[in-house]
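J.: Can you keep this structure in mind? I'll have questions shortly.
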Amino acid sequence: MALFEMFPNYIWNLSVAIAMESGGRIGEIVDMCQPIKDAAAGGGDAGTPAFMKQWAAMGDKLIELAAEDEAKGRALSASDKLERASLYLFTAERMQGHGHPGRMETYRKARETFDKSTALGKINRERVEVPLDTGTMPALYTRAAGPGPHPVVVYCNGLDSCKELLYWSRLPEALARRGVSTLCVDQPGSGEALRLQNLPVDPHSEHWASKAVDWLERQPDVDPARIGMTGISLGGHFAPRAVAYEPRFASGAVWGANHNWAEVQQKRLKREGENPVPHYWAHVMWAFGAEDMDDFLAKAEGMNLNGHMDGVKVPFLVTHGAEDRQISVQYAHDCYDQLVNSPKRELKLFTAREGGVEHVGADNMSYGRDYIADWFAETLGGRTA
């Protein structure tokens, strides 16, 4: 199985693949991408304003069509269109460099559209805010059906995702079917926390993950003894560290094993491996609150899980795409090998036999989604049938 490739560069194809896996419609995606195929020829960074113009225009058209549905009392149809409009706007925003004209306005429109879709469609996700020492961690809470108390999973972003994309990975839906709730978080350095509160990455993920546990323990529908943690992409660094240092987590998993992210930066300086977003170095300096490259590299220096994984004393699952072009599959082996105190550890590599071989399953997220959902159902006391 391979990535759907409309463009001559990986970064643009990755964004399209993520949008498709998140609920985009192929006809709309072709209509957005066809006029900008030439703009992609100059590499991942060049032409991104043209990308935003096309994708934001489709978002605006869907918002207009949704308004027509809503005027006829067709709230569910309106919600469906707003869902895609929000997705396309988030994708347009994600592709821009920090400070690009229109980026913040596009993000705000995407957020407002997402919230309206939630309300009109009565979708099982509630926007909440988890208090931090400074500011808050905006989150989406998806509840398992019934009175509970239920197990719950904290689900964190990678470097360039947002809680809305976490929801659209459909892992919260898959977990809810299995009797497990989900808290998708915009942790510091991502999503709203970065864009609207200017909160930079905290590499010591146990700081903010513990605040999520504090919040969940106060919810009447949560079983505090059955809280798990997972993360996607760079979240595959944050989640293991949080589980290693926060003893209240009862289970953990990663969707992509980002074991030594400090080393990944050295590889990217040498142009080894693919970048996840255009304008990469500007993005990471923004996300980390760094003044320059030296400052960023100093802030990222400690992001290496070697010597930390022996702190994981609960069941832990490591998943990785066998053909990941961003993060070496060796890091999955490193993470698994170092889980020496986990009573139940598992390594799952997704191969060409099934799919999900690319970074966090961008070619097919269904396999990672199902595997992780079943893992948490089995280790936190949900159901798999």
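J.: Using the eigenvalues of the Cα gyration tensor, what equivalent ellipsoid semi-axes result for the stretch 293-385 when each is taken as the square root of five times the eigenvalue, whole Å, largest first?
T.: 25, 20, 12
J.: What percent antiparallel are the DSSP beta bridges of the stretch 255-385, to the nearest 5?
T.: Antiparallel bridges make up about 10 percent of those DSSP assigns within the stretch 255-385.
J.: Only bridges with both residues in the chain count here: give the DSSP antiparallel percent, nearest 5.
T.: Details: 11 of 37 bridges.
If I count the DSSP bridges inside the chain, around 30 percent turn out antiparallel.
J.: Just to be sure I understand: with springs between alpha-carbon atoms less than 10 Å apart, which residue in Pro203, Pro138, Pro147 has the highest mean-square fluctuation in the Gaussian network model of the chain?
T.: Pro147
J.: Now a separate question. Under a point spin-label approximation (7 Å from Cα along Cα-to-Cβ), what is the His98-Lys313 distance to one decimal in nm?
T.: A separation of 3.9 nm, rounded to one decimal place.
J.: Could you list the residues of the stretch 240-265 with an amide nitrogen less than 16 Å from a label point located 7 Å from the Cα of Glu354 in the Cα-to-C-beta direction?
T.: Residues 253-257 qualify, since their backbone N sits under 16 Å from the label point.
J.: Just for the Cα atoms in the stretch 242-331, what are the lengths along the principal axes, largest first, rounded to whole Å?
T.: 38, 30, 20
J.: Next question, about the same structure. Between the stretch 150-180 and the stretch 98-145, what is the C-alpha centre distance in whole Å?
T.: Spelled out, the Cα-based centre of one part sits 14 Å from the other.
J.: How large is Rg/Rh for the stretch 228-385, to two decimals, with Cα atoms and a Kirkwood Rh?
T.: Working: Rg = 15.7 Å, Rh = 16.0 Å.
Rg/Rh for the stretch 228-385 comes to 0.98.
J.: Still on this structure: Compute the projected area of the convex hull of the Cα atoms of the stretch 126-284, averaged over all viewing directions, and report it in nm² to one decimal place. Please list the in-between numbers first.
T.: Working: hull surface 35.7 nm².
Over all viewing directions, the stretch 126-284 projects a mean Cα-hull area of 8.9 nm².
J.: Based on the alpha-carbon set only, what is the convex hull volume of the stretch 97-161 divided per residue, in Å³?
T.: Once divided by residue count, the hull of the stretch 97-161 is 130 Å³.
J.: With +1 on each Lys and Arg Cβ and -1 on each Asp and Glu Cβ, and nothing else charged, work out how big the dipole of the chain is about its Cα centre, in Debye to the nearest 20.
T.: Value, rounded to 20: 780 debye.
J.: Between Gly44, Gly307, Gly368, which gets the highest mean-square fluctuation from a Gaussian network model of the chain, Cα cutoff 10 Å?
T.: In the Gaussian network model the winner is Gly307.
J.: Turning to a different aspect of this structure: Which listed residue (Gln266, Gly361, Phe288) has the Cα farthest towards the positive end of the charge dipole for the stretch 231-385, taking +1 on Lys and Arg C-beta and -1 on Asp and Glu C-beta about the Cα centre?
T.: Gly361
J.: If I model a spin label as a point 7 Å beyond the Cα along the Cα-Cβ vector, how far apart are those points for Ala67 and Gln34 in nm?
T.: Going from the Ala67 label point to the Gln34 one covers 2.6 nm.
J.: Here's something else I'd like to know. Positive end of the charge dipole of the chain (Lys, Arg +1 and Asp, Glu -1 on Cβ, about the Cα centre): tell me which of Pro276, His237, Gly24 has its Cα farthest that way.
T.: Comparing the listed Cα positions along the dipole, Gly24 ranks first.
J.: While we're looking at this one, here's another question. Could you pull out every one of the lysines with an alpha carbon less than 18 Å from that of Lys53, ignoring same-chain neighbours closer than 8 positions?
T.: Lys53 reaches Lys37, Lys61, Lys109.
J.: Further, regarding this structure: So if I take the centroid of the Cα atoms in the stretch 14-55 and the same for the stretch 333-358, what is the distance between those two points in Å?
T.: About 32 Å separates the Cα centre of the stretch 14-55 from the one of the stretch 333-358.
J.: With each pseudo-label sitting 7 Å past Cα toward Cβ, what's the Asp133-Asp337 distance in nm, one decimal?
T.: Label-label distance for Asp133 and Asp337, simple model: 3.4 nm.
J.: Mind putting a number on the dipole of the stretch 8-57 about its Cα centre? Charges go on the C-beta only, +1 for Lys and Arg and -1 for Asp and Glu, and I need it in Debye to the nearest 20.
T.: Dipole magnitude for the stretch 8-57 comes out near 40 debye.
J.: Can I ask one more? Could you sort 232-241, 205-214 so that the peptide with the highest average Cβ count within 10 Å comes first and the rest follow in order?
T.: By packing density, highest mean first, the sequence is 232-241, 205-214.
J.: What number results when the radius of gyration of the stretch 89-135, computed over Cα atoms, is divided by 2.2 N^0.38 Å?
T.: Expressed relative to 2.2 N^0.38 Å, the Cα Rg reads 1.42.
J.: I would also like to ask the following. For the chain, would you read off the P(r) tail past 37 Å as a percentage of all alpha carbon pairs?
T.: The proportion of pairs with Cα distances above 37 Å equals 14 percent.
J.: In whole Hz, what ³J(HN,Hα) sequence does the stretch 83-94 give by Karplus (6.51, -1.76, 1.60; θ = phi - 60°), x for Gly and Pro?
T.: 4, 6, 4, 4, 4, 5, 5, 4, 5, 4, 5, 4
J.: Would you list the P(r) distribution for the stretch 5-55, with all Cα-Cα distances sorted into 10 Å bins from 0 and each bin expressed as a whole %?
T.: In whole percents, the pair-distance histogram is 28, 62, 11.
J.: OK, next. So which of Lys163/Lys313; Lys313/Lys348; Lys122/Lys163; Lys72/Lys116; Lys163/Lys211 end up more than 21 Å apart, counting from Cα to Cα?
T.: Lys163/Lys313
J.: Sticking with this structure for a sec: Could you give the radius of gyration (one decimal) and Dmax (whole number) of the Cα atoms in the stretch 198-278, in Å?
T.: Radius of gyration, then largest Cα-Cα span, for the stretch 198-278: 15.0, 50 Å.
J.: Any idea what Rg and Dmax come out to for the stretch 8-117 if you just take the C-alpha atoms, in Å?
T.: 13.8, 46
J.: If you build a Gaussian network model of the chain, linking Cα atoms that sit under 10 Å apart, which residue out of Arg125, Arg226, Arg25 swings the most?
T.: Residue with maximal mean-square fluctuation among Arg125, Arg226, Arg25: Arg25.
Laboratory data are not the source of any read-out in this text; all were calculated from the coordinates shown. From a predicted model like this one, the values you see are computed outputs, not experimental measurements. Virtual Cβ from ideal backbone geometry, glycine too; neighbours counted across all protein chains shown.
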